[in-house]
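Okay, structure first, notes after.
The values are calculated or read from the model by the stated rules, or taken from the named source; none is laboratory data. Bear in mind that the values here come from a model prediction, so they are computed numbers and not experimental data. Cβ placement follows ideal geometry from the backbone for every residue including glycine, while neighbour counts extend to all protein chains displayed.
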Number of protein chains: 2
Amino acid sequence: MNHQPNTADIQFILQNVLQVQPQLQALAPYGEADADLMQQVLEEAARFVADKVAPIRRDGDEIGAHFANGTVTMPPGSKEVYADFWQNGWASLSCAPEDGGQGLPEVLNQVLYEMLSAANHGWTMAPGLLHGAYECIRHHASDELKAAYLSKVASGEWLATMCLTEAHAGSDLGLVRTKATPVANPSAADTALGAPYSLEGTKIFISGGEHDLTDNIVHLVLARLPDAPPGPKGLSLFLAPKFMPDGSRNAVVCERIEEKMGIHGSPTCVMRFDGATGWLVGQHGKGLGAMFVMMNAARLHVGLQGVGLLEAAWQMANAYAQERRQMRAPGPRPADSAGQAADLIMAHPAIRRILDTQRAWIDAGRVLAYQTALELDLSHHHPDAARRERALRWCSLVTPVLKSAFTEQAFHGGSDCLQVFGGHGYVREWGIEQVLRDARIAMIYEGTNEIQAIDLLVRKVMGDQGQALAALLGELRADVAGQGTECAPGGGEGGGMAGAGAGGSSAGTAAEVARMADALQAATTGLLARAAASPEHAYWVAGDYLRAVTLVLMAWGWARIDRANVTGDARWSNPSHALRTWVLPEFEMRLSLLAGASGR
Amino acid sequence: MNHQPNTADIQFILQNVLQVQPQLQALAPYGEADADLMQQVLEEAARFVADKVAPIRRDGDEIGAHFANGTVTMPPGSKEVYADFWQNGWASLSCAPEDGGQGLPEVLNQVLYEMLSAANHGWTMAPGLLHGAYECIRHHASDELKAAYLSKVASGEWLATMCLTEAHAGSDLGLVRTKATPVANPSAADTALGAPYSLEGTKIFISGGEHDLTDNIVHLVLARLPDAPPGPKGLSLFLAPKFMPDGSRNAVVCERIEEKMGIHGSPTCVMRFDGATGWLVGQHGKGLGAMFVMMNAARLHVGLQGVGLLEAAWQMANAYAQERRQMRAPGPRPADSAGQAADLIMAHPAIRRILDTQRAWIDAGRVLAYQTALELDLSHHHPDAARRERALRWCSLVTPVLKSAFTEQAFHGGSDCLQVFGGHGYVREWGIEQVLRDARIAMIYEGTNEIQAIDLLVRKVMGDQGQALAALLGELRADVAGQGTECAPGGGEGGGMAGAGAGGSSAGTAAEVARMADALQAATTGLLARAAASPEHAYWVAGDYLRAVTLVLMAWGWARIDRANVTGDARWSNPSHALRTWVLPEFEMRLSLLAGASGR
């Protein structure tokens, strides 16, 4: 079964729950992005995803990318679909018009990638890094480099890589050893785009390091100058193309590709830089900063991979549960079981619980991720500096939660969806085991989930003595209490739980958000107090803290959905019930872990 | 890295924690099985596993079983290792001497299969069903059938299958349609072993349905006589060999093998019975009962696959964490970090927590599984009927817990172990992603984990109004309080927490077991009271109930380990601390879910 994006669900969350439209159109670059245009773009994106990208998912997995003699052949259909993709402007959806882009909001771009990842995670890896490379070049490269590469990368005509990891330097990029030496007697080709450097070193885990999708590949390479200090402050960023401006081959060699658990449609390359020519991007010693300019967007993107993959797994499991009959379910005989020897497995509580619970995760993930994408847009374009600041605070705190909690849910909740199939779930032809294999990487790349948790608790929450977190919790409380200002998350319209619909018991859910926010606040205060005597404790419980924040945010997200569900539609009220019944009780456990003993 | 069984750990749990030796030797058939013999068998088993079975694991996965024209070629080495296996008597370890077996205790056989599964789950599938088939034939087949098949199956010279599932009948075997018709004019070959039946139907998910490991394959087939009633009571069991006694080929055809997520070394076959000749095993309409004679042992076996696979994942992750350096860990600089730019990842709390937590699961799983295997031996051979009854009660209640909780932990805790590797964990050559792919099936087969939970709560606990559970909890309480009778689990020696060692704070852990047992008892009473008004509620929360029981049993298991850890060895006291700090807090959450709202 090929994935079919559910744009009605997505639009309900964008427009009814979060009311993004007026907030986006109030921003200068997006004045023209009216509701009709948004709808049209989403529908066309969904059609492209369903018609082109989804059908090549299984070949991508089973045939995969193939390496021979330094070249990589992509699986059947990849190249044609990629040509369609960039030529139809999907790669440049949220790039600036002056760079040849469509100039649409980041929130639309993130939704596009959620759909793509759901339909075909492996294929989506190729364009997935493009926007980060675009922003990196745009903000940090010299005018010569921009003239040569920016519009090609914006359009997606050339794909790009991020060459960070080395065999001994993964989470710890400060250990990177690749050397960049100024070229002593450069050729004309070498100096075409500025003072050239010779790059020496081997990078691993380079997604799309080599392939046949595009005529050129633009590598962004983290390396160290001969006189640079050790550690992260000695790292600089370089741009090294596969083909030089004069058409000659640069000394960048793909040594092999990895055999992986999943995303076989994406070649994960070992790349050797054998004195390859590169040009500096940004300043010496500022390589990590230039690379991480798009970190929030990239991590949000990975969080949405999680949401998309879980949606894919849910769709498969839901369809199966509505066809497969096994045994009698407890309780009154369902109407559709007349004359049948067994009930639909959908009628069995264990199956219903899985499906409604995963639905609660997916929908909460969308609310949080779309809101975060909106905040990214606001952080760039809102006229009010205080509002931009607030948007950045939201992104800073919520992004690690999205990246960690929703990639974990894609794998573990995806496994629950597989379980719905019984033995069939373990067999390839049903497609769901691929979801799990593909999803597993998202818990690791773009900063492991453990690092996200430390980033959230140690760096961001404890780093300012909990001030940013307290402000965020205040926003959530005010929003559900109907006291949201026009700038509160999604508060531009509607205005709080006072206008709540029939779907959720809104007074109850608002009170729940407030109660949870208070409890999290108290737990945070406790951790801060404990840090003086036991500085290590936060590192032991960072994962629990991230889960606790996740659950508060999910309670808020579902309070927003309940408010928008004015007709009491069971489509939304059933997962809302599942959230409160099966998901939120974890919160107390996490608080107890935070307050409990440390490891040893 | 090939798996190397840790027999010292296993022996510590068998002998120091559970004191199985005197209890086994007190049973008539095992009087000769002294400590030296046990030790020798375990060491030889570990050597066979490490030297023969572990090295063919990766080829089993990457090359896998190959199907062509109705035949299956097993991956390289499988056949040779299997020949070694049965010829050296490993297949018949716990078969009766009168059938040519070694006559050793079931507990040793279960430990052997734990080691085998840890080293190579796919290969182990082949002999994994053998013992069940042996017991089935032994207890239910006619003398003619036994004469022809029992010793071949006991020795493992011929492998066997269990042909239950059909495309439309998985968890619900009552829907099985395969027909068995008495043969009207049987040939001499057909009547060689009794009145022949003609079997017509297609079975799926038949592990080892076809292969080149043995000269013959003995299929045990669930089918329905023409005049049989619908549902499970109309099912009878038949024995249909691949080759008939006269050497001719029976009409049993392998149509194809499944492409699966893992256990590629095991062919999962679609088997067509095209009027194949079969003979009745047991009575008409009693097929399910005959098939399930070994259900407790088979489910325990699957639980131990979970324990073994988690041990395999843990060993890999632990070794990696002791070699890989990334970043500085919080707290004082470790001694081994002198002159190093980064600390071992073992020193990072997030990694330590994963490793100690999984260790807590594995060790608890061993205590519970080995005790259950011992109870199986006691249930067969103890002279006192009341003790046999008590042993059966233990097996009945604890087996679904082992099957469900420890297969789930193999997958999810195995995923945590993969996470220790960062990106390397996602790459095949490190071997750990295969553990996850292989382990996933164990949550499904031999009764899905959802069915285990319903079996435990609805059938076994609520089925007798909680009496058996109350008795079990009483045993656990008495055991840790030092009031265990000579018959209490493992209570033959030592005698309670009064003799506790320095490793655990034994008074505390004993009190904790009692407190948890009381709380579980109260929760059970609550569920029983609720059942009258809300009979469906138990089906919604059966999984939570199983988790709560799991945690009580784990607390008991670790109280036993603490007692045995007389030197306070950190090998045992660190995971004990992890259990109490990170694992047991889930208990309160499960109680709150049990007492909370129902689904809808």
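The numbered conditions (1) more than 30 Å from residue A:320 (Cα to Cα); (2) touching a His at 6+ places or on another chain (Cβ under 6 Å) are all true for residue A:25 except (2). More than 14 Å from chain B (Cβ to nearest Cβ), under 24 Å from the mean Cα position of the chain (by Cα) and part of a helix (DSSP H, G or I): is that true of residue A:387 in this structure? Yes. Could you please let me know if residue B:42 is buried (at least 24 other Cβ atoms within 10 Å of the Cβ) and out of contact with any His (no Cβ under 9 Å at 6 or more places or on another chain)? No: the conditions fail for residue B:42. Residues in region A:126-177 that are within 14 Å of chain B (Cβ to nearest Cβ) and free of Cβ contacts under 8 Å to residues at least 60 places away in the same chain: 10 in all. If you go through region A:91-111 one residue at a time, how many are crowded, with 24+ Cβ neighbours inside 10 Å and more than 24 Å from residue A:23 (Cβ to Cβ)? The total comes to 1. From the list B:372, B:357, the lone residue that is of a type in the set (Ser, Thr, Tyr), in a helix (DSSP H, G or I) and within 10 Å of another protein chain (Cβ to nearest Cβ) is B:357. Of all residues in region A:437-468 being without any contact (Cβ under 8 Å) to a residue 40 or more places away in the chain and part of a helix (DSSP H, G or I), which is surrounded by the most Cβ atoms within 10 Å (Cβ to Cβ)? Applying the filter and picking the extreme gives A:443.
Residue by residue, here is whether (1) touching a Pro at 6+ places or on another chain (Cβ under 8 Å); (2) within 13 Å of residue B:297 (Cα to Cα) holds:
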{"residue": "B:344", "(1), (2)": "yes, no"}
{"residue": "B:369", "(1), (2)": "no, yes"}
{"residue": "B:380", "(1), (2)": "no, yes"}
{"residue": "B:383", "(1), (2)": "no, no"}
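Rundown of residues vs (1) more than 30 Å from residue B:168 (Cβ to Cβ); (2) charged (D, E, K, R); (3) surrounded by fewer than 24 Cβ atoms within 10 Å (Cβ to Cβ), yes/no style:
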residue: A:361; (1), (2), (3): yes, no, no
residue: A:364; (1), (2), (3): yes, no, no
residue: A:372; (1), (2), (3): yes, no, no
residue: A:383; (1), (2), (3): yes, no, yes
residue: A:387; (1), (2), (3): yes, yes, yes
residue: A:402; (1), (2), (3): yes, no, no
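Can you find even one residue in region A:216-227 that is under 17 Å from residue A:181 (Cα atoms) and out of contact with any strand residue (DSSP E or B) (no Cβ under 8 Å at 6 or more places or on another chain)? Yes: one or more hits.
Looking across region B:7-24, the residues that are buried (at least 16 other Cβ atoms within 10 Å of the Cβ) and not hydrophobic (A, V, I, L, M, F, W, C) come down to B:7, B:9, B:11, B:15, B:16, B:19, B:21, B:23. Being farther than 18 Å from residue A:357 by Cβ and more than 14 Å from every other protein chain (Cβ to nearest Cβ), is that true of even one residue in region A:578-593? No. Do we find a residue being buried (at least 20 other Cβ atoms within 10 Å of the Cβ), part of a loop (DSSP other than H, G, I, E, B), modelled with pLDDT of 95 or more and at negative phi anywhere in region B:304-313? So far as region B:304-313 goes, no, none of its residues is buried (at least 20 other Cβ atoms within 10 Å of the Cβ), part of a loop (DSSP other than H, G, I, E, B), modelled with pLDDT of 95 or more and at negative phi.
Residues A:429, A:408: which one is within 12 Å of chain B (Cβ to nearest Cβ), more than 22 Å from residue B:258 (Cβ to Cβ) and assigned to a helix (DSSP H, G or I)?
A:408
For the residues A:148, A:169, A:154, the requirement of being within 18 Å of residue A:225 (Cα to Cα), out of contact with any strand residue (DSSP E or B) (no Cβ under 8 Å at 6 or more places or on another chain) and either assigned by TED's automatic domain parsing to the domain that holds residue A:213 or buried (at least 18 other Cβ atoms within 10 Å of the Cβ) (or both) singles out A:169. For region A:330-354, taking the residues that are farther than 16 Å from residue A:320 by Cβ and part of a helix (DSSP H, G or I), the one that is farthest from the other protein chains (Cβ to nearest Cβ) is identified as A:335. Looking across region A:432-450 at every residue that is among the aliphatic types (A, V, I, L, M) and more than 7 Å from every other protein chain (Cβ to nearest Cβ), the one that is nearest to the chain's Cα centre (by Cα) is identified as A:442. None of B:222, B:193 is under 29 Å from the mean Cα position of the chain (by Cα) and of a type in the set (A, V, I, L, M, F, W, C) except B:222.
Among the candidates B:161, B:178, which residue alone is crowded, with 20+ Cβ neighbours inside 10 Å and in contact with a His (Cβ under 6 Å, 6 or more places away or on another chain)?
Answer to the selection: B:161.
The set of residues from region A:40-63 being farther than 23 Å from residue A:436 by Cα and free of Cβ contacts under 8 Å to residues at least 12 places away in the same chain comprises A:40, A:44, A:47. For residue B:370, the conditions (1) farther than 30 Å from residue B:62 by Cα; (2) without any contact (Cβ under 8 Å) to a residue 40 or more places away in the chain are fulfilled apart from (2). Looking at region A:397-404, can you tell me whether even one residue there is in contact (Cβ under 8 Å) with a residue 12 or more places away in the chain and at the interface with chain B (Cβ under 9 Å from one of its Cβ atoms)? No: region A:397-404 contains no residue that is in contact (Cβ under 8 Å) with a residue 12 or more places away in the chain and at the interface with chain B (Cβ under 9 Å from one of its Cβ atoms).
Quick check: anything in region B:551-560 closer than 23 Å to residue B:370 by Cβ, in contact (Cβ under 8 Å) with a residue 12 or more places away in the chain and facing chain A (nearest Cβ under 10 Å)? No, region B:551-560 contains no residue that is closer than 23 Å to residue B:370 by Cβ, in contact (Cβ under 8 Å) with a residue 12 or more places away in the chain and facing chain A (nearest Cβ under 10 Å).
Contact annotation: residue pairs with Cβ atoms under 7 Å, 6 or more positions apart or on different chains, pairing a residue in region A:338-349 that is of a type in the set (D, E, K, R) with a partner that is part of a helix (DSSP H, G or I), are A:343/A:337.
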